[in-house]
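Single-structure report; data block below.
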Amino acid sequence: MLYSKKTKEEKLKSTYAIPILGSQASDEPIPQYTLNEAPLDPEIAYRLIKDDLIDEGNARQNLATFCQTYMEPEAVKIMAETLEKNAIDKSEYPQTADLENRCVNIIAELWNASEADDFIGTSTVGSSEACMLGGMALKFAWRNRAQEKGLKLHARKPNLVISSGFQVCWEKFCVYWDIEMRLVPLDENHMSLNLDTVLDYVDEYTIGVVAIMGITYTGKYDDVEGLDQLLEAYNQTHDLPVYIHVDAASGGMFAPFIEPDLKWDFRLKNVVSINTSGHKYGLVYPGVGWVVWKDKKYLPSELIFNVSYLGGSLPTMAINFSRSASQIIGQYYNFLRYGRIGYTCIHQKTRDVAVFIGAEIEKTELFEIYNDGNNIPIVCWKLKVDVNKQWSLYDLADRIRMNGWQVPAYPLPANLSQVIIQRVVVRQDLTMQMAIQFIKDFKQAIKELDSAHILIHGKATENQGASGFTH
Ligand SMILES: *Cc1c(COP(=O)(O)O)cnc(C)c1O
């Protein structure tokens, strides 16, 4: 007999000699929702899991996310080599704790904290946790001030004022902490925080106003300087001052390099805290985030805990306890490796690519451009009403997916939810040549849709239930 199928027992006995793709494990479904009884060879387990993830698409072509999909091999190496370090264990890993502290200092400097400011900050897993901390500090500080002034604390819920272009983490914050979320609506003429009406939402129960540096949906920056002036005037005439937290998840590591003269940070008097995602334009793999308070006085002492550190004690305000420090080390690697000039070159290139894509899409004359790549490097557009196409942006998103590109279409937030837009987020790893290829594929997809005959839905503008992209 030339061929005989080995029994399971026979195969198991000789796994070392058997090629992975000839192994029993690769000849049967893998246990998915139950724990397997017998162990597998590590190479086989690695291969099976790697293959299980094969259909997730090519992350570099995912133009939907702000989260980094590329780091240099040396960064990956040092991150892999430091996975065991526990970010919270400052006495076991004092040097790692110092690297975190260096990052906080570098970031505070990028955000123009002045010599006179006694800033304080921490790493987090992402901006969501950083916003949570920023919001909690606003709430505690407000309560302390309100108590001092004799305000009836329980007469009403405290509130937070933010534009309706907020990221979902703020909704979570308000739910977790029982805070009324006061939304300043976006509209066609105000695609970022509306300064004409924002003060209508502010009162003595306002714990703070959140300004967004890079609205997730459209990429627009709120006018933080204008908001600061409004609140300065308000604070001059009211007992209970209202301060600003800036949610700079995407812009916080971008604007300082590309628009250093734009005032949105600690140069503004009423900006007391800022968060950013290290894994967005800080250029680190997920997840690392940062929050910095301009001065310790804006971070109520109830939120600072002391952990032992080399026989002494070190303040921590982190929300997480144990987690790997490798992302923090990756952040420090990038700062050291790229420096100011390196970050500027990368971001400038990224912006050039975004502006190129915006211009090319505009040239088709089919779309109205909402963001042309000039704030944070994202481009978003809607289909012009009068072009009379039989297809929608959802169809276009599907079609372009055939070339591997992920470019989602989704409705704008409340008040504008009838508007369907499509968005491209440009990251460092999208080169001009890749963008040229993308545009070629994009135009081809339009051509194919124009000549397609099958319609899968009645109305081309119908909202097919896609939700916003929030990362
Ligand atoms: C991405 C984003 C967040 C959440 O950040 P994570 O780092 O993903 O937790 C919060 N706010 C804004 C404006 C964002 O763009």
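Beyond 20 Å in Cα-Cα separation lie the following of the pairs K220/K440; K382/K443; K269/K294; K220/K296; K139/K294; K139/K296: K220/K440; K220/K296. Rolling a 1.4 Å probe over the protein heavy atoms leaves C174 with an accessible area of roughly 10 Å². Given a 1.4 Å probe and the protein chains as shown, S250 ends up with an accessible area of around 0 Å². Against the criterion of solvent-accessible heavy-atom surface with a 1.4 angstrom probe, I20, I49 sort, most first, into I49, I20.
Annotation for region 316-425: trypsin sites (Lys or Arg not before Pro) lying in DSSP loop with at most 16 further Cβ atoms inside 10 Å of their Cβ are K384, K389.
Sparse packing (at most 14 other Cβ atoms within 10 Å of the Cβ) combined with a DSSP loop state is found for the following trypsin sites (Lys or Arg not before Pro) in region 120-214: K149, K152, R156. Taking all protein chains as they are arranged and a probe of 1.4 Å, the heavy atoms of T197 leave approximately 40 Å² accessible to solvent.
Using the rule -39500 (n - 2.57) for each DSSP H run of four or more residues, divided by the residues of the chain, the 222 nm mean residue ellipticity is -11000 deg cm²/dmol. Measuring spread by the Cα atoms of region 51-210 yields a radius of gyration and Dmax of 20.5, 63 Å.
Restricting the calculation to Cα atoms, region 347-450 yields a radius of gyration followed by a Dmax of 13.1, 38 Å.
Percent of accessible area on the chain owned by carbon and sulfur, 1.4 Å probe? Of the solvent-accessible surface of the chain, carbon and sulfur hold 53 percent.
Taking the Cα atoms of region 211-349, the ratio Rg/Rh between the radius of gyration and the Kirkwood radius comes to 1.01. Just to be sure I follow the definition: excluding the sites themselves, where is the longest run in the chain that has none of the GluC sites (Glu not before Pro) in a DSSP loop with at most 12 other Cβ atoms within 10 Å? By the stated rule (loop sites, at most 12 other Cβ atoms within 10 Å), 189-364.
Computed with a 1.4 Å probe over protein heavy atoms only, the accessible surface of the chain comes to 48 Å² per residue. Each distinct pair of alpha carbons in the chain adds a 1/r term; the inverse of their mean, the Kirkwood radius, is 24.7 Å. The Rg/Rh ratio for region 78-334, using Cα coordinates for both the radius of gyration and the Kirkwood hydrodynamic radius, is 0.97.
Mean separation of Cα pairs under 8 Å and 6+ residues apart, divided by the residue count of the chain: what relative contact order is that in percent? Provide the component values of the computation, followed by the final result.
Numbers: 799 pairs, mean separation 93.2, N = 471.
About 20 percent, as a whole number.
The values are calculated or read from the model by the stated rules, or taken from the named source; none is laboratory data. If you're wondering where the values come from, they're calculated on a predicted model, not measured in any experiment. Here Cβ is always computed from backbone atoms with ideal geometry, including for glycine, and neighbour counts include all displayed protein chains. Heavy atoms of the whole protein, side chains included, go into the accessibility calculation; ligands, DNA and RNA do not. Shrake-Rupley method; radii C 1.70, N 1.55, O 1.52, S 1.80 Å.
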